[in-house]
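Take a look at the structure set out below.
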Amino acid sequence: MRVFVTGASGWIGSAVVDDLLATGHEVTGLARSDKSAAALEAKGAQVRRGDLDDLEGIRAGAAAAEAVIHLANKHDFVNPAVSSAAERAAVQTIGEALEGSGRPLLLASGIAGMTKGRPATEADASPFHGPDSPRGGSENLALEFADRGVHPVSLRFSPTVHGTGDHGFIAVLTAIAREKGVAGYPGDGTNRWAAVHVTDAARLVTLGLEKAPAGSRLHAVAEEGVPTREIAEAIGRAYNLPVASIPAEEVPDHYGWIGAFFAMDLAATSIQTRELLGWTPGGLTLIEDINTGAYGSSTAG
Ligand SMILES: NC(=O)c1ccc[n+]([C@@H]2O[C@H](COP(=O)([O-])OP(=O)(O)OC[C@H]3O[C@@H](n4cnc5c(N)ncnc54)[C@H](OP(=O)(O)O)[C@@H]3O)[C@@H](O)[C@H]2O)c1
């Protein structure tokens with residue numbers, strides 16, 4: 001398929017582009033810089049220059065493709081409303097561009113908010129609706145386009161999509177641990193994070209493009225939940241740091257914006273996704289990845 005990928009130069013997007021090209025798809029990646037454009041071209045992808053805020057460009061990219069995989073995100077964790085607004089506008093624009101075509105629209109989402117005192121499953125609908133909700137309510141917005149002749153599929157990524165080169169949450173936690181001289185975990189450290197290796201996540205995206213029915217919620221989850229205490233212990237071992245509990249009242253100061261995420265229980269299963277797609281994740285586990293020193297270059301800030 002000819003696939004338009006936003007966020008094609010990002011951590012997950014780069015792996016997705018590799019997997020799509022390796023399996024015979026054609027890729028046009030959205031790139032907002034020369035560096036991102038050059039990286040995509042070097043892989044054999046086409047480039048559409050543009051920014052998430054250039055909605056006409058997004059519309060044109062989507063209209064010219066046989067499928068869209070939307071992974072770009074501004075990731076303004078300090079002012080999340082900025083990211084949410086851009087996310088909602090982009091999904092609305094892509095959905096309208098694909099209206100009546102029956103073409104796939106896969107979009108990135110997450111696990112946060114889906115758990116209900118137990119690991120989230122694919123059957124758990126997102127409680128987020130409307131522009132003021134997390135991620136701008138984009139999962140529900142996209143899935144509603146099923147009634148308008150679009151083939152939407154939600155890609156719910158584990159809170160950590162890990163591997164060598166990851167600059168996401170585990171890299172930030174590692175940098176904080178090294179800066180503070182302690183690998184901390186929130187409270188008693190029993191809250192858990194689902195995890196998936198980036199190559200497994202990319203495989204799932206391609207399989208989802210090829211096989212998932214409209215309206216699917218796919219869980220890119222290889223490990224149902226790794227206790228945050230075990231994550232901190234692995235970071236401590238890897239960087240020779242003491243490991244300690246951070247009391248709940250100190251979490252915001254100690255971790256900054258990421259504290260609210262690290263204190264959440266973000267466990268999820270992927271039984272339905274595995275059955276639906278025949279997806280069998282086989283990459284390193286999160287702890288194995290941290291043990292390899294994958295986060296060795298993480299620096300604070
Ligand atoms: N990584 C995870 O563990 C994780 C977990 C759950 C959900 N997710 C979601 O999965 C998606 C991909 O995440 P990721 O980890 O791959 O993110 P990432 O590495 O930060 O990549 C973000 C991508 O978005 C692009 N981008 C950012 N602002 C843009 C703008 N204004 N205009 C155009 N492009 C822009 C970036 O382009 P440049 O290369 O030019 O910066 C990059 O390609 C996101 O929606 C994220 O929230 C990720």
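Looking at (1) among the hydrophobic types (A, V, I, L, M, F, W, C); (2) part of a loop (DSSP other than H, G, I, E, B); (3) more than 9 Å from the ligand (Cβ to nearest atom); (4) free of Cβ contacts under 8 Å to residues at least 60 places away in the same chain, can you tell me which one residue 77 breaks?
(4)
Report whether or not residue 190 is modelled with pLDDT under 95 and among the hydroxyl-bearing types (Ser, Thr, Tyr).
Taking the combined requirement at face value, the residue does not satisfy it.
Is it true that residue 139 is assigned by TED's automatic domain parsing to the domain that holds residue 108, in contact (Cβ under 8 Å) with a residue 60 or more places away in the chain, closer than 20 Å to residue 80 by Cα and within 16 Å of the ligand (Cβ to nearest atom)?
Working: assigned by TED's automatic domain parsing to the domain that holds residue 108: yes; in contact (Cβ under 8 Å) with a residue 60 or more places away in the chain: yes; closer than 20 Å to residue 80 by Cα: yes; within 16 Å of the ligand (Cβ to nearest atom): yes.
Criteria met by residue 139.
Take residue 155 and tell me if it is at pLDDT 95 or above, under 14 Å from the mean Cα position of the chain (by Cα) and assigned by TED's automatic domain parsing to the domain that holds residue 92. Talk me through it step by step, then tell me what you get.
Values: at pLDDT 95 or above: yes; under 14 Å from the mean Cα position of the chain (by Cα): yes; assigned by TED's automatic domain parsing to the domain that holds residue 92: yes.
For residue 155, the condition - at pLDDT 95 or above, under 14 Å from the mean Cα position of the chain (by Cα) and assigned by TED's automatic domain parsing to the domain that holds residue 92 - is met.
Checking residue 161 against (1) more than 16 Å from the ligand (Cβ to nearest atom); (2) in a strand (DSSP E or B); (3) among the hydrophobic types (A, V, I, L, M, F, W, C): exactly one of these is not met. Which one?
Condition (1) is where residue 161 drops out.
Could you go through the stretch 204-224 and let me know if any residue there is polar (S, T, N, Q), within 19 Å of residue 272 (Cβ to Cβ) and not in a helix (DSSP H, G or I). Walk me through how you get there before you give the answer.
Let us first name the residues in the stretch 204-224 that are polar (S, T, N, Q), namely 206, 216.
With within 19 Å of residue 272 (Cβ to Cβ) added as a condition, the list becomes 206, 216.
Imposing the further condition that a residue be not in a helix (DSSP H, G or I) reduces the set to 216.
Taking every residue of the stretch 204-224 in turn, at least one turns out to be polar (S, T, N, Q), within 19 Å of residue 272 (Cβ to Cβ) and not in a helix (DSSP H, G or I).
Can you tell which of 65, 8 is closer than 17 Å to residue 210 by Cβ, crowded, with 20+ Cβ neighbours inside 10 Å and out of contact with any His (no Cβ under 9 Å at 6 or more places or on another chain)? Before the answer, list the steps.
Values: 8 fails: closer than 17 Å to residue 210 by Cβ.
None of the others qualify; the one that does is 65.
Which one of these does residue 102 not meet: (1) within 19 Å of residue 205 (Cβ to Cβ); (2) surrounded by fewer than 22 Cβ atoms within 10 Å (Cβ to Cβ)?
Only one criterion in (1) within 19 Å of residue 205 (Cβ to Cβ); (2) surrounded by fewer than 22 Cβ atoms within 10 Å (Cβ to Cβ) is unmet by residue 102, namely (1).
Quick one: count up the residues across the stretch 1-47 that are assigned to a strand (DSSP E or B), in contact (Cβ under 8 Å) with a residue 40 or more places away in the chain and either within 10 Å of the ligand (Cβ to nearest atom) or of a type in the set (Asp, Glu) (or both).
Within the stretch 1-47, the first condition is being assigned to a strand (DSSP E or B), and the residues that meet it are 2-6, 26-31, 46-47.
Restricting the remaining residues to those that are in contact (Cβ under 8 Å) with a residue 40 or more places away in the chain gives 2-6, 30.
Add one more test, that the residue is either within 10 Å of the ligand (Cβ to nearest atom) or of a type in the set (Asp, Glu) (or both), and what stays is 5-6, 30.
So the answer is 3.
For the stretch 84-96, give me each residue that is among the polar types (S, T, N, Q), in contact (Cβ under 8 Å) with a residue 40 or more places away in the chain and either surrounded by fewer than 19 Cβ atoms within 10 Å (Cβ to Cβ) or closer than 16 Å to residue 4 by Cα (or both).
Taking the stretch 84-96 first, the residues among the polar types (S, T, N, Q) are 84, 92-93.
This time we only want the ones that are in contact (Cβ under 8 Å) with a residue 40 or more places away in the chain, so: 84, 92.
Result: 92, single match.
Pick from 65, 123: which is away from the ligand (no atom under 13 Å from the Cβ), in contact (Cβ under 8 Å) with a residue 60 or more places away in the chain, more than 28 Å from residue 284 (Cα to Cα) and in a loop (DSSP other than H, G, I, E, B)? Give the steps one after another, and end with the answer.
Details: 123 fails: more than 28 Å from residue 284 (Cα to Cα).
One residue alone meets the criteria, 65.
Which number in (1) modelled with pLDDT of 95 or more; (2) in a loop (DSSP other than H, G, I, E, B) marks the one condition that residue 107 misses?
(2)
The values are calculated or read from the model by the stated rules, or taken from the named source; none is laboratory data. Computed from a prediction, not measured in an experiment: that's the story for all the values here. Neighbour counts are summed over all protein chains in view; Cβ atoms, including those assigned to glycine, are modelled from backbone coordinates with ideal geometry.
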